[in-house]
Amino acid sequence: MNFCEARTQDPSSAATAKHKLMVNRNAEPQSLLEVWQLYALETRTTHSEPRAYAKLTLVKTALIRYTLPCWGLPSLQGHKVTETETANAFEFMARISLEQLQSALLAQHQVFEQQQVPDKIRRSYRSALKQLLTWCQQQPWSWATTAAEPKLLLPPKRHKRSAQVLHTRKPYDYDPEPLRRQEYRYGLGAVEGDVMNERLQAELEAFVQWRQNSSRLGLDAVQASTVERELAGIRLILGWLHRVQGVRSEALSLTQIIPLVPLPTVSDPATAAQATAAARASLDLAYRYIRWLRTTPEEGGRGLTTQQVELSNLQLFKSVACFLYYREMPSEHLAQPWRWLEQNPVVQAFSRELAQWRRRGTHTVSGQRAEPSHAKVIATWSEVLAFVEALRAECVPRLPIEQQTRKQALSFGPLRALPAIAQSYQRFLLCALMSYLPPQRQQAYRDLLVEPKPSLQLEAFSGYLYTKNNLWYLVTGGRKEGRTRGQELQLQIPNIQYPCGRYFYQYLQEWLYEYTYVDAKGQEHRTNGLRTALQPHHAYLFTKKNGKKYEKPTDLSRLVRDAAFRLTGSTINPHRFRSLFVNHWVERQPNPATLEGLAKYIGHSPQRLIEIYEKGLTQPETAQVISREAARLAQALVDQAH
C-alpha cells in the first residue's frame, strides 16, 4: 500500500486499516519507501482526515524536495510536485536503506544551504522530517534498538548572537566614516546618547493621538500599524535633519519638517502667500531627503532605489502638514476639517505631487501584492464572465487538489474555515453583480445595503437589495453626504442557472440568510449566512475580513484584481468592468440614439463617453432592457462553458 492509496482511503474502512496496522507494525521495513508506507498508514488511522492530510503533505515535501536531492534524486523544477516526479521519488525511496535514513537531517541541511531556503521554510520542513524520524525511533524495528550508534546525524547548529550583542548600542560619532558604517541607524533615538527635547516629545505624542482619533475628527480612519509606521518615518526624518543637516537636538521640531505659517483664514491673501512659500520650502526639503535616501552608502546616503521610497515619504510629509495645520484650524471649520485642509496651500502642494504619481502609475500601494509589469489585462466581456465562473467554482467547502497524484476520481483538500468560504462567496457575488447586471461605479457596490433600512441615518448609501415574489431586486439611488443620489431605479437580478443544478439566488441566500455545511466529523451545521462569519459591524452588503466597511476604492479593487491575477494571470478592476461591458454592447447593437441613457446609467456624460470609447456607446431605451441583455450574455456563457 503506497502513499497515494493511504491518502485516498475511505474513512469508513478505519477498522480494516487499524487491523492492517497491527499486522504490519512489527514487520521490519527494508527501505525508506516501506517506512513511508507504514508511517502514512498509521497517520491516517490515528488522526482525522484533514489533520492526516496536512501532516503527510509536509513530510512528503520535506523528503522529495528538500532531502532526496542530496542523495541523487533530480531536484524539482516547478513550484508543485507533479505526478511523474512523485512516482520517480517513490521509486528512488525504495533504494534508500534505514542506515542512510539516519543522516536525513544532515542531507536536508545540505539541500537547504544549496538552495538558499529561507529560515521560516526551513523550520517547517525540518520539523516535519523530525516527526518522521522520531516515529521511526519508537518502532520495534528502529535502528535505535539494533545499531551500535543509534543517534541521528544532525546538521551543525547555526551560530546565534547573544541578546547582549543584539541590543548593545554604541555612541554615534559625528564623522562621515561612522555614518557610512551605521547608515541603517540614523533615526532620532536609534543611537545611544540621543536626546529628544520636551517640545518635540509633546508634538509626537499629539501626532499619534491625532492619527489614532482621526475618524472621530472627521478625517480618514487609519490602522494602528499605519500610525506606528508614520511615527518611525518621522523619527528617521528628524534623525536626518539632526545628523546630516546639522540641526541641533534642542531645535528639532515638526515645524522643521513642515514650516508652519498661521492661517486665520485660507482666503486671506497675505497669509495664503506665506503658505505658498512654506509649501515650496516643504517640497524642497522632502525631495532633498528623498535624494539623500537614494544616494549610495559610499556617498553617505542609504542607497534605496525602490519607487516606494518617494511615494511613502511624500505621504508622510503630507500627514505632518495636515496635523500641524489642523491644530491651527479656526473653530468654525472644525465641523468639516477636510474641506479646510484641502484648501491649504501646503497640503495642496503634496496632494498634487501624489496625484502625479498616481497618474503615472509607477508606484505599488503598500499592502497590495506586486504584479509583474507585463501582466496582461482582461480584454473582452467573455473573459470577464469566464473569470466570474472561476470565482463561483471556489464557493465550496473543500477545494479540489490542483495536482492529483494518481489518475483517479477528483480528490479534495481539507475542510475550509467559514471565513475563507465567506470570502470566496463575497468575491463571486461582487463580480457577479458587476457582470449579470450592467456594471456601475465602484462606490455603488461599496455603499450597497443588505436591505432597505429607512430607520438608519446613514451618511452614504447607493441602494439596497430586496426580495419580492421569489425574485431579487437591486434598487439604485440612495444618498451621499446627506444628498439624494439621482433617480431611484429598480433592476431585477437574474437568477442564472448553472449546469450543476444550482441557481444564483441560492448563493445570495447562503451569503445573507442561511448556510449549511458538514464538518470534518460528518455533522451538519447551519449558520445565519456566510456574511456573519466575517462579523460585520455595519449594514452594507460587502464587508472586509475584519468586519469593517469597504471605505477606500483601493480595498475593493484589490479584492477583484488579486483574484483575477491568481485565477487567470490577467488583471481587472471595477472600472474596467464598465468599459468592457460598454464596448461589448457597442459591438453587438450599435444605436447612437441611446447614448444619453447609457451614459446616465454608467455614470459618465455623453461627451466623456465619446472621448473614452472611440466607436461611441449605445444602450437599450430603458435600463431594464440593458439588464436583460447582460443576464442573457451571462447565461449564454455559462451554458457554453459546460
Arranged from highest to lowest average of other beta-carbon atoms within 10 Å per residue, in what order do the peptides 109-115, 348-354 appear?
348-354, 109-115
Ratio of Rg to Rh for region 466-578, alpha carbon only, Kirkwood?
1.00
Quick check on packing: order 274-282, 296-304 by the mean number of other C-beta atoms within 10 Å, highest mean leading.
274-282, 296-304
List the pairs from LYS376/LYS544; LYS80/LYS376; LYS318/LYS544; LYS120/LYS549 whose alpha-carbon separation is above 29 Å, in the order I gave them.
LYS120/LYS549
How big is D for region 68-143, in µm² s⁻¹ as a whole number, if Stokes-Einstein is applied with the Kirkwood radius of its Cα pairs at 20 °C and 1.002 mPa s?
157
Can you tell me which of 520-527, 233-240 comes out highest on packing, and rank the rest after it, using the mean Cβ neighbours within 10 Å?
233-240, 520-527
Counting each pair of different Cα atoms once, what's the Kirkwood radius of region 489-529 in Å, rounded to one decimal?
12.0
By the scheme Lys and Arg +1, Asp and Glu -1, what is the net charge of all other residues having a beta-carbon under 9 Å from that of LEU293?
+2
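Every read-out reported here was derived from the displayed coordinates using simple, explicitly stated rules and does not represent laboratory data. Keep in mind the model is a prediction, meaning the values are calculated, not measured. Neighbour counts run over all protein chains shown; Cβ positions are idealised from the backbone, glycine included.
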